[in-house]
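Engineer: Take this structure, written in structure tokens, and hold onto it; I'll ask about it next.
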Amino acid sequence: MVKLFFLRKGFMTLILGLEGTAWNLSAAVVSEERVIYEAESTYKPLHGGIHPREAAQHHSSELKSVVSRALRGAEGEGYSLEEIDAIAFSQGPGMGPCLRTVATAARALSISLKKPLIGVNHCIAHIEVGRWRCGTKDPVVLYVSGANSQVLAYRSGRYRILGETLDIGIGNALDKFARYLGLSHPGGPKIEELASKGTKYVYMPYVVKGMDLSFSGLTTAAKDAFDSHPEEKADICHSFQETAFAMLTEVTERAMAHCCKDDMLLAGGVGANRRLRQMLQTMCRDRGARFYVPETKYLKDNGAMIAYLGLLMLKSGDTTPIEKSEVKPNYRPDDVEVTWRAVE
Ligand code: AMP
Ligand code: MG
């Protein structure tokens with residue numbers, strides 16, 4: 001870690017953040033006070049799921065336009081390029097080819113603008129943007145995205161992973177099952193729609209091992225149920241959601257009990273699901289806890305969260321020298337020393 005003490009006194013800190021770990025390429029300019037401007041371009045697979053090389057090609061052809069739009073937008077709000085204090089980028093976790101494409105652009109911007117570079121952990125960016133937008137200080141976090149499903153809480157300088165999936169993320173599980181039903185990517189919202197029409201519970205394996213979870217057996221069971229009874233599609237979607245979300249809610253509740261925390265924050269793209277929110281809300285209400293979820297645009301992958309965590313890191317003097325800016329496809333949140341929060 002390099003300590004820097006060059007922030008202009010009395011001025012606002014401005015960060016340009018780049019996100020592109022998977023299918024959404026996004027750039028945003030953020031200050032302490034607000035998201036000044038955000039631009040994005042989303043890769044949409046023609047068939048099947050996200051192909052890492054195709055997504056990376058999408059990012060490389062769209063990068064110039066997305067970054068220019070974010071900078072022009074910030075200019076329209078009265079902030080010039082010279083006022084940007086640092087360039088933050090998603091260093092991982094994510095798809096290698098996508099991460100490398102965005103990291104290369106971030107390094108080039110950092111060198112040409114002569115501004116520090118900040119490699120950001122994508123999962124922690126989801127948490128910090130949620131804490132910022134919702135005003136919750138010290139929550140237990142349920143982070144549910146395409147590739148990740150984790151329950152985390154802050155303790156003694158790190159975000160500790162209290163429970164996580166042992167195989168695929170819940171978003172990938174929903175997307176895989178949706179593809180099996182012939183639905184296009186992303187499948188999560190389409191499963192939600194079908195599930196809202198289901199009424200009957202079809203048996204699904206409920207797999208919680210201690211504080212960890214598994215979704216691949218559930219996905220196979222849902223496919224088998226559909227093969228046997230294609231006419232029960234809506235009931236199977238309903239049962240898939242009920243089972244998977246109950247598993248996530250159980251582990252989150254146990255984490256809150258163990259950590260004696262009364263705030264719960266939902267993060268990641270699957271957090272858009274109304275049934276998941278309802279279950280978590282009920283659990284929090286029953287234990288007298290507060291449930292927080294940011295606006296949907298901050299749940300999915302976005303450049304604003306990368307810029308915001310970059311801002312927190314810059315203010316604590318935590319920047320990334322180019323020679324340490326290699327991408328980390330398996331970057332875990334508990335690998336990160338949290339320099340911007342008091343040690344509690
Ligand atoms: P992220 O990786 O955080 O950008 O989140 C993307 C994942 O969120 C994909 O797997 C989507 O299918 C999933 N997703 C988005 N909206 C919903 C929803 N309403 N219900 C369930 N999953 C969703
Ligand atoms: Mg994400």
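Rundown of residues vs (1) within 16 Å of ligand 2 (Cβ to nearest atom); (2) surrounded by fewer than 18 Cβ atoms within 10 Å (Cβ to Cβ); (3) within 13 Å of Leu18 (Cβ to Cβ), yes/no style:
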residue: Ser68; (1), (2), (3): no, yes, yes
residue: Gly76; (1), (2), (3): no, yes, no
residue: Ala86; (1), (2), (3): no, no, yes
residue: Cys98; (1), (2), (3): yes, no, yes
residue: Ile111; (1), (2), (3): no, yes, no
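Conditions (1) buried (at least 23 other Cβ atoms within 10 Å of the Cβ); (2) touching a helix residue (DSSP H, G or I) at 6+ places or on another chain (Cβ under 6 Å); (3) at pLDDT below 95; (4) within 19 Å of Gly269 (Cβ to Cβ), marked per residue:
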{"residue": "Ile118", "(1), (2), (3), (4)": "yes, yes, no, no"}
{"residue": "His122", "(1), (2), (3), (4)": "yes, no, no, yes"}
{"residue": "Gly146", "(1), (2), (3), (4)": "yes, yes, yes, yes"}
{"residue": "Lys200", "(1), (2), (3), (4)": "no, yes, no, no"}
{"residue": "Tyr206", "(1), (2), (3), (4)": "no, yes, no, no"}
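Engineer: For region 89-138, name all the residues that are small (Gly, Ala, Ser), assigned to a helix (DSSP H, G or I) and more than 22 Å from Val29 (Cβ to Cβ).
Structural biologist: Gly96
Engineer: Please work out which residue is nearest to the chain's Cα centre (by Cα), limiting yourself to region 133-187 and to residues that are away from ligand 1 (no atom under 11 Å from the Cβ) and of a type in the set (Phe, Trp, Tyr).
Structural biologist: Filtering region 133-187 for residues that are away from ligand 1 (no atom under 11 Å from the Cβ) and of a type in the set (Phe, Trp, Tyr), the one nearest to the chain's Cα centre (by Cα) comes out as Tyr159.
Engineer: Could you list, in sequence order, the residues of region 272-308 that are of a type in the set (Gly, Ala, Ser) and in the same structural domain as Thr13 (by TED's automatic domain parsing)?
Structural biologist: Gly303, Ala304, Ala307
Engineer: Okay, moving on. If Leu314 meets every condition in (1) among the aliphatic types (A, V, I, L, M); (2) in contact with a Leu (Cβ under 9 Å, 6 or more places away or on another chain); (3) within 13 Å of ligand 1 (Cβ to nearest atom) apart from one, which number is that one?
Structural biologist: Of (1) among the aliphatic types (A, V, I, L, M); (2) in contact with a Leu (Cβ under 9 Å, 6 or more places away or on another chain); (3) within 13 Å of ligand 1 (Cβ to nearest atom), only one is false for Leu314: (3).
Engineer: Give region 222-231 a look and list any residue that's within 23 Å of Arg274 (Cα to Cα) and either outside the structural domain of Leu181 (by TED's automatic domain parsing) or out of contact with any helix residue (DSSP H, G or I) (no Cβ under 7 Å at 6 or more places or on another chain) (or both), or say none.
Structural biologist: Hits for region 222-231: nothing passes.
Engineer: Given (1) within 16 Å of ligand 1 (Cβ to nearest atom); (2) of a type in the set (Lys, Arg); (3) over 23 Å from the mean Cα position of the chain (by Cα), identify the lone condition not met by Lys190.
Structural biologist: Status for Lys190: all satisfied but (3).
Engineer: Can you tell me which residues in region 102-128 are of a type in the set (A, V, I, L, M) and in contact with a strand residue (DSSP E or B) (Cβ under 8 Å, 6 or more places away or on another chain)? Explain how you work it out, then say what you get.
Structural biologist: Filtering region 102-128 for residues of a type in the set (A, V, I, L, M) gives 102-103, 105-106, 108-109, 111, 113, 117-118, 120, 124-125, 127.
The answer is Val102, Ala103, Ala105, Ala106, Leu109, Leu113, Leu117, Ile118, Val120, Ile124, Ala125, Ile127.
Engineer: While we're looking at this one, here's another question. Yes or no: Gly171 modelled with pLDDT under 95 and within 14 Å of ligand 2 (Cβ to nearest atom)? Quick ask: steps written out before the conclusion?
Structural biologist: Values: modelled with pLDDT under 95: no; within 14 Å of ligand 2 (Cβ to nearest atom): yes.
Taking the combined requirement at face value, the residue does not satisfy it.
Engineer: Next question. Tell me, which helices (runs of 4 or more DSSP H) wholly within region 158-269 include 3 or more residues that are in contact with a strand residue (DSSP E or B) (Cβ under 7 Å, 6 or more places away or on another chain) and over 23 Å from Tyr298 (Cα atoms)? If you could, list the steps in order and put the result at the bottom.
Structural biologist: On the way: elements: 170-180, 188-195, 216-228, 233-259.
In region 158-269, 233-259 are the helices (runs of 4 or more DSSP H) which contain 3 or more residues that are in contact with a strand residue (DSSP E or B) (Cβ under 7 Å, 6 or more places away or on another chain) and over 23 Å from Tyr298 (Cα atoms).
Engineer: While we're looking at this one, here's another question. Only residues that are within 20 Å of the chain's Cα centre (by Cα) and of a type in the set (D, E, K, R): list them for region 296-325, please.
Structural biologist: Matches in region 296-325: Lys297, Lys300, Asp301.
The values are calculated or read from the model by the stated rules, or taken from the named source; none is laboratory data. Note that this is a predicted model, so its numbers are computed, not measured. Every residue, glycine among them, receives a Cβ derived from its backbone with ideal geometry; neighbour counts consider all protein chains shown.
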